[in-house]
Structures are given as structure tokens and as C-alpha cells.
Amino acid sequence: MSLKRKYVAGEGYRSVVGARDGGLAYGELGVLNLGAGGTGTVESGDRETALIALTGTCAVTANGLGRVEIGGRRTVFDGPTHLVYVPRNGGPISVTAGANGVELAVCRAAATTDCPPRLITPAEVKAVSIGEGCYQRDALMMLDDRFAASRLFIGEAIVPGGNWASWPPHRHDFEKPPEEVDMEEIYFFRFDPPHGFGFQRVYTDDRRLDAAFVIENNEAIIIPEGYHPVAAAPGARMYYLWIMCGDNRKFLSHKDECFARR
């Protein structure tokens, strides 16, 4: 079973990672792409939903939130962006694209609690530099434990060409706080320039799961469990949207001891 999925851009909504794909218990990912002035609807149903403005602008209307204007990035490398959160059974979420169209990542998760809808603005996104040297990268913490949600925990990462991320290799497979919590994950990638590429490995201690992938623009990797280091080839910056899902929404992980000591 492959853990890699490809997003083929096109008008309207396209599923990238479906519910239960690749051993996931909770999360899913899609992209809503609308041309100038285009309209679309996302049904919340029994899943909590987060809309992340990847590129372009739009107006989003949702119950309890009203109408909010979001977006403004030309590319995903242009700084923090907006996130709209809508709880399960929040009714339809309406989207109207701005003058240059819009791309929205649609992140959904099976939910057990009801949390207030909210808009997270770029000013509320927490920027953190992680690592050093050849594994330095920037994390943009969006829907983290500062904000209420049932299972979703979301951010973005920007990795310089030639650098590693998710390094030292870490996992979040077991409920053992304060060291580690159980969270599945999805990575969604873009590169600058778009012909850039990288490599992702997903593996467990016993190598029951041990898979490696070449990753290119608009591809996603499903991480149901295991360590998951990723590297950007020299010459192109790497972006990835990371969508974590779990019952205990904490940024806690266990490092592979073979590398954590070095």
C-alpha cells in the first residue's frame, strides 16, 4: 500500500487523501481551487474542518463566523496565511474567490467534541525556527494547542534547499506524555521552483513499516505511524503543510535514539 498521493490541479474540489487512506484513523485532505469570482461549498458534516488559504484570496461564510475575507499570498512561500476553523455539524461553508482566484487546503477530521468556529489570522500564526545547520527549518504554527479543536493540529514548514526537516527523526505513535502523544499526520508539498523535489522516509523501530519516496510538487505523504524525516534537494526551497490528528493535541514527539544522541 503506497503512502503517497498526488494532487492534480483543477477547478473545484479535489480529494488528495481520503478518510481511512493509508491506515489513517481520522484525517483527510483536499484542495478547493476556484477561478476569479468562482464559488464553492464545503459541507462540514460530522467532521471538523479547517480551510487554509494556500494562494489567492476569497470570502468564507460559515455559521457562527459570518463572512470573513482571507488569503493574499501569491505562493505558499510568501509568509503566514489565514486559517478558518469550523466544528462538526457546522453546516455548509461557502467560498467566493477573489479577483485572482483561490486555492484552499481543506483539512478534515472525525470529531468527538464541538469547538467554536474561528478565524486565525497571519498575525496569530506563531513562527518558530527549528534545528540548526543542515536541518534548520521554519515552522508556522497555526491551529495548535493555543486554539480549541477536537483532533486537528495544523501548521506549515519552510525548508531551505539541501536541508532536512523532521530531524532528528521523530515519531508520535504512543500516548506517553509528557514525552510523546499519539498523532497521525499528512504532509502536503510544494517547491520553489516547482521542478524541485525531495525525499521522505517513514519507518518504525521494528521496520514493520519502512518506506521511502521521491516527493515532488503537489504530492502528499500519509504518515499513519513511525519516524518521518524529509529532505529537500539542493536548489529548491520546500514547503509542506502538516496536518496532525489525535485525541491529545500536543506538539510532543519521541526522537529516534540512534540519531538523538548525535
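For segment 1-27, a tally of residues being farther than 19 Å from PRO117 by Cα, part of a strand (DSSP E or B) and in contact (Cβ under 8 Å) with a residue 40 or more places away in the chain returns 6. Please name all residue pairs, on different chains or six or more residues apart, with Cβ atoms under 8 Å, provided the first residue is in segment 62-84 and is in contact (Cβ under 8 Å) with a residue 12 or more places away in the chain and more than 10 Å from ARG118 (Cα to Cα) and the second residue is of a type in the set (A, V, I, L, M, F, W, C) and in a loop (DSSP other than H, G, I, E, B). Taking only residues 6 or more apart or on different chains, the pairs are PRO80/VAL125; THR81/VAL125. For GLY72, the stated conditions hold: it is on the phi > 0 side of the Ramachandran plot and either modelled with pLDDT of 95 or more or outside any strand (DSSP E or B) (or both). Might you check whether a residue that is aromatic (Phe, Trp, Tyr), out of contact with any Gly (no Cβ under 6 Å at 6 or more places or on another chain) and surrounded by fewer than 22 Cβ atoms within 10 Å (Cβ to Cβ) occurs anywhere in segment 225-238? No - not one qualifying residue is present in segment 225-238.
Residue check: ALA53 meets all listed conditions (1) of a type outside the set (Ser, Thr, Tyr); (2) surrounded by 22 or more Cβ atoms within 10 Å (Cβ to Cβ); (3) part of a loop (DSSP other than H, G, I, E, B) but one, namely (3).
With the structure loaded, tell me whether GLY161 is surrounded by fewer than 20 Cβ atoms within 10 Å (Cβ to Cβ) and within 16 Å of GLN136 (Cα to Cα) or whether it fails that test. Yes.
Whenever a residue of segment 150-165 is on the phi > 0 side of the Ramachandran plot, its partners that are crowded, with 23+ Cβ neighbours inside 10 Å and at pLDDT 95 or above, lying with C-beta atoms within less than 7 angstrom and at least six residues away or across chains, give the pairs GLY162/ALA232.
To keep it simple, each residue is scored yes or no on (1) farther than 25 Å from SER166 by Cβ; (2) assigned to a strand (DSSP E or B); (3) not charged (D, E, K, R).
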| residue | (1), (2), (3) |
| --- | --- |
| THR49 | yes, yes, yes |
| CYS58 | yes, yes, yes |
| THR61 | yes, yes, yes |
| THR81 | no, no, yes |
| VAL95 | yes, yes, yes |
| ALA109 | no, yes, yes |
| ALA123 | yes, no, yes |
| SER129 | no, yes, yes |
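Within the option set PHE251, PHE189, being closer than 30 Å to ARG47 by Cα, touching a residue at least 24 places away in the same chain (Cβ under 8 Å) and assigned to a strand (DSSP E or B) holds for one residue only, PHE189. Filtering segment 83-93 to residues that are over 26 Å from TYR240 (Cα atoms) and either assigned to a loop (DSSP other than H, G, I, E, B) or hydroxyl-bearing (Ser, Thr, Tyr) (or both) leaves ASN89, GLY90, GLY91.
Listed here are the residues, each with its yes/no results for (1) farther than 13 Å from LEU3 by Cβ; (2) in contact with a His (Cβ under 7 Å, 6 or more places away or on another chain); (3) assigned to a strand (DSSP E or B).
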| position | (1), (2), (3) |
| --- | --- |
| PHE153 | yes, no, yes |
| ILE158 | yes, no, yes |
| TRP167 | yes, no, no |
| ASP182 | yes, yes, no |
| ALA211 | no, no, yes |
| PRO234 | yes, no, no |
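Scoring PHE199 on the criteria (1) in a strand (DSSP E or B); (2) under 16 Å from the mean Cα position of the chain (by Cα); (3) of a type in the set (A, V, I, L, M, F, W, C); (4) surrounded by fewer than 19 Cβ atoms within 10 Å (Cβ to Cβ) leaves a single failure, condition (2). For segment 239-262, the candidate set comprises residues that are more than 19 Å from LEU29 (Cβ to Cβ) and aliphatic (A, V, I, L, M); within that set, the residue that is surrounded by the most Cβ atoms within 10 Å (Cβ to Cβ) is LEU252.
The test for being crowded, with 20+ Cβ neighbours inside 10 Å and either of a type in the set (Lys, Arg) or closer than 20 Å to LEU29 by Cα (or both) does not hold for LEU119.
The values are calculated or read from the model by the stated rules, or taken from the named source; none is laboratory data. Note that the structure is a prediction, hence the values are computed from the model and not measured. No Cβ is skipped: glycine too gets one built from the backbone with ideal geometry, and neighbour counts run over all protein chains shown.
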